[in-house]
Amino acid sequence: MSPARSTPGCPPAAEMVHATSSSLLLLLLSLALLAPGISARKCLLTGNWTNDLGSNMTIGAVNDRGEFSGTYLTAVADTPNNITKSPLLGIQNNTVYQPTFGFTVQWAFIESTTVFTGQCFMDRNGKEVLKTMWLLRSSVDDIDDDWKATRVGNNVFTRLRSVKE
């Protein structure tokens, strides 16, 4: 059996396989090191948000204890009253990149309160999304009407972009 021949200027086949394997390993290691940095971008609550019903909310700065305040302007309400901005108060978990949170809205135009709980996610496109569940408690005059005073639902919020963006 004769030794393997190599074409002048070309490495032997075994060297090419080794070089290709080394390159592939280097590429995989690079991706493994870079991927956490891409997905580790923190989802931030602060800013302006809109939900699937067209309601808008503004969340102010979150302090070091995770507390925040803001305003909520609902696009839907079961009342003949004029809808006005209402205050919200909340708290979030500050220790994770996709924090859980909760906030309460005390409606300024009707005797009702809504509590929201949810999580701030970074979606597959790198966009922030708030997935929430809520309980809306309306005031009733008689304890016998308590059964109909609480509603439950969910909303998905996306960040409102400013005109400059």
Fewest to most neighbouring Cβ within 10 Å: what's the order for Val129, Val152? Val152, Val129
Quick one: net charge of Cys120's neighbours, Cβ under 12 Å, K/R +1, D/E -1? +3
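Nothing charged except the Cβ atoms of Lys and Arg (+1) and of Asp and Glu (-1): what's the magnitude of the dipole of the stretch 47-159 about its Cα centre? Round to the nearest 20 debye. Before the final figure, lay out the partial values.
Numbers: 9 positive and 12 negative charges, 125 e Å.
Taking the Cα centre of the stretch 47-159 as origin, the dipole is about 600 debye.
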P(r) of the stretch 47-159 in 10 Å steps, Cα pairs, percent per bin? 13, 45, 29, 11, 1
log₁₀ I(q)/I(0) of the stretch 56-110 at q = 0.21, 0.24, 0.26, 0.30 Å⁻¹, via Debye over equal Cα point scatterers, no solvent, to two decimals? -0.76, -0.89, -0.98, -1.17
Extended-chain gain in nm, criterion 0.36 nm per residue less alpha-carbon gap, Thr150 and Val96: 16.3 nm
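How would you rank Thr150, Thr114, going from fewest to most other Cβ atoms within 10 Å of each one's own Cβ? Let's see the in-between values first.
Numbers: Thr150 11, Thr114 20.
Ascending number of Cβ neighbours within 10 Å: Thr150, Thr114.
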Provide Ser139, Ser86 in ascending order of the number of other Cβ atoms located within 10 Å of each residue's Cβ, fewest first. Ser139, Ser86
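Mind giving me the FRET efficiency for Asn82 and Ile143? R0 is 35 Å, r the Cβ-Cβ distance, nearest 0.05 is fine. Can you show the working numbers first?
Details: r = 30 Å, r/R0 = 0.85.
Approximately 0.75, to the nearest 0.05.
All of the numbers you see were taken from the coordinates with simple rules; none came from a lab. The model shown is predicted, which means the values in this text are computed figures rather than measured ones. Using ideal geometry, Cβ is built from the backbone for each residue, glycine included, and neighbour counts are taken over all protein chains shown.
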